[in-house]
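Written out below as structure tokens is the structure these notes cover.
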Amino acid sequence: MTKKWVNVLAIPIILFLVIGLTGCCLFKKKQAVTPTEEVKPAAPIEEAQPVPEVAEEGLDALKRAAQAEGALLPIYFDFDKYNLKPEAKKNLDKTAAWLSKNPTVKIRIEGNCDERGTNEYNMALGERRANSAKEYLVKLGIAAERLETASWGEEKPICTEHNESCWWQNRRDDFNPISK
């Protein structure tokens, strides 16, 4: 008879212990902070930090010089597409050659879309556009560590009219130096 009671009670006891021990791991005890203790801020999440304004002037000049050589020019995409057109590949070839001559320069490839589609869809499409340019540059021998990508979706239009002659200008990748 006692064996039967042990078997009946063993399962609920084990479940109680498992749930109790698991619950302890889920809830961390908060420490009280006394007025004399200094609260340290949490470690910052690493994000792309804005380049100081003085450096931006230098980076703008660097971009203008590169564009004068045919590099770092925007590339354009068809509606709802992220594949590279032949003209885009020619521009990327020039950008790769320029980056090879300037091995310390890092750039950000920024994907953009026109206003059609949801914000979420356009952010994802902008990311795919930026990544397609990055992959092409990597295939041409540019180190991936020198290429950062970002998506602006529809947030940075060049043209704000609501027609195809305007929308095509917004379906693009921009190339911006982020360090020398």
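Tell me, which residue of segment 118-137 that is more than 14 Å from Asn83 (Cβ to Cβ) and out of contact with any strand residue (DSSP E or B) (no Cβ under 7 Å at 6 or more places or on another chain) is surrounded by the most Cβ atoms within 10 Å (Cβ to Cβ)?
Ala124
Scan segment 138-157 for residues that are aliphatic (A, V, I, L, M) and either in contact (Cβ under 8 Å) with a residue 60 or more places away in the chain or within 15 Å of Asn122 (Cβ to Cβ) (or both) and jot them down.
Passing the criteria: only Ala150.
Could you check segment 165-180 and list, in sequence order, the residues that are over 11 Å from Arg116 (Cα atoms) and either of a type in the set (D, E, K, R) or surrounded by 14 or more Cβ atoms within 10 Å (Cβ to Cβ) (or both)?
Once the filter is applied, which keeps residues that are over 11 Å from Arg116 (Cα atoms) and either of a type in the set (D, E, K, R) or surrounded by 14 or more Cβ atoms within 10 Å (Cβ to Cβ) (or both), segment 165-180 yields Cys166, Trp168, Gln169, Arg172, Asp173, Asp174, Phe175, Asn176, Pro177, Ile178, Ser179, Lys180.
Out of the residues in segment 106-117 that are part of a loop (DSSP other than H, G, I, E, B) and acidic (Asp, Glu), which is surrounded by the most Cβ atoms within 10 Å (Cβ to Cβ)?
Asp114
Can you pull out every residue in segment 75-101 that is more than 14 Å from Leu137 (Cα to Cα) and either in contact with a helix residue (DSSP H, G or I) (Cβ under 8 Å, 6 or more places away or on another chain) or of a type in the set (Gly, Ala, Ser) (or both)?
Those that are more than 14 Å from Leu137 (Cα to Cα) and either in contact with a helix residue (DSSP H, G or I) (Cβ under 8 Å, 6 or more places away or on another chain) or of a type in the set (Gly, Ala, Ser) (or both): Tyr76, Phe77, Phe79, Asp80, Tyr82.
Anything in segment 63-89 that is small (Gly, Ala, Ser) and in a helix (DSSP H, G or I)? List them, or say none.
Once the filter is applied, which keeps residues that are small (Gly, Ala, Ser) and in a helix (DSSP H, G or I), segment 63-89 yields Ala65, Ala66, Ala68, Ala88.
Within segment 139-148, identify whether any single residue is in a strand (DSSP E or B) and under 24 Å from Ala65 (Cα atoms), and answer yes or no.
Yes, some residue in segment 139-148 is in a strand (DSSP E or B) and under 24 Å from Ala65 (Cα atoms).
Just one of Ala65, Ala61 is surrounded by 14 or more Cβ atoms within 10 Å (Cβ to Cβ), over 24 Å from Arg128 (Cβ atoms) and at pLDDT 50 or above; which is it?
Ala65
Restricting the first residue to segment 74-94 and requiring it to be touching a residue at least 12 places away in the same chain (Cβ under 8 Å) and hydroxyl-bearing (Ser, Thr, Tyr), which pairs with a second residue that is surrounded by 15 or more Cβ atoms within 10 Å (Cβ to Cβ) and not in a loop (DSSP other than H, G, I, E, B) meet a Cβ separation below 7 Å and a spacing of at least six or different chains?
So the pair list comes out as Tyr76/Ala88; Tyr76/Trp168; Tyr76/Arg172; Tyr82/Leu125; Tyr82/Arg128; Tyr82/Arg129; Tyr82/Ser132.
Quick one: is Ser100 small (Gly, Ala, Ser), surrounded by fewer than 16 Cβ atoms within 10 Å (Cβ to Cβ) and touching a residue at least 60 places away in the same chain (Cβ under 8 Å)?
no
The values are calculated or read from the model by the stated rules, or taken from the named source; none is laboratory data. Treat the numbers as computed from the prediction; the structure is a model and nothing was measured. Cβ atoms come from the backbone with ideal geometry, glycine included; neighbour counts cover every protein chain shown.
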